[in-house]
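Trainee: For reference, the structure I am asking about is given below.
The values are calculated or read from the model by the stated rules, or taken from the named source; none is laboratory data. Here the structure is a predicted model, which is why all the values come from computation and not from measurement. As a convention, Cβ positions derive from the backbone with ideal geometry for all residues, glycine included, and neighbour counts pool all protein chains shown. We work out accessible area using only protein heavy atoms, side chains counted, and drop any ligands, DNA or RNA first. Shrake-Rupley method; radii C 1.70, N 1.55, O 1.52, S 1.80 Å.
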Amino acid sequence: PMNMADGYRAPYDHADLWIGKPDSTTEAVGAALRQLEIIAQTDKSAIGFVTLNPLTIEMVKNWLATLPGKTITLVPLSAIAEN
């Protein structure tokens with residue numbers, strides 16, 4: 001089925017994981033970030049969408065700082081999305 005991205009010939013893909021909800025706990029966000037890492041290592045890529053709230057922003061910022069020590073590289077969505 002055609003979607004809006006098709007009409008604009010824009011890259012698109014689906015989210016593997018939604019990270020955080022307005023009422024998320026530190027434990028829930030941490031578990032989601034760990035799950036995103038597992039998906040990335042298993043499937044060679046993973047797409048996570050983050051709910052913008054102070055907790056998730058801070059936790060993702062801290063998580064990003066750990067990536068250089070892991071076998072995970074953050075890239076723009078367009079690098080892995082389909083055309």
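Per-residue answers, yes or no, for (1) within 24 Å of SER78 (Cα to Cα); (2) modelled with pLDDT of 95 or more; (3) open to solvent by 50 Å² or more (accessible area, probe 1.4 Å); (4) assigned to a helix (DSSP H, G or I):
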position: ASP23; (1), (2), (3), (4): no, no, yes, no
position: ILE39; (1), (2), (3), (4): yes, no, no, yes
position: SER45; (1), (2), (3), (4): yes, no, no, no
position: PHE49; (1), (2), (3), (4): yes, no, yes, no
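Trainee: To continue, here is another question. If PRO68 meets every condition in (1) within 13 Å of the chain's Cα centre (by Cα); (2) surrounded by fewer than 12 Cβ atoms within 10 Å (Cβ to Cβ) apart from one, which number is that one?
Mentor: Just one mismatch for PRO68, condition (1).
Trainee: Do any residues in region 35-55 that are more than 14 Å from TRP18 (Cα to Cα) have Cβ atoms under 9 Å from those of residues that are loosely packed, with under 11 Cβ neighbours inside 10 Å and of a type in the set (A, V, I, L, M), where the two are at least six apart or on different chains, and which pairs are they?
Mentor: Pairs found: SER45/VAL75; SER45/ALA79.
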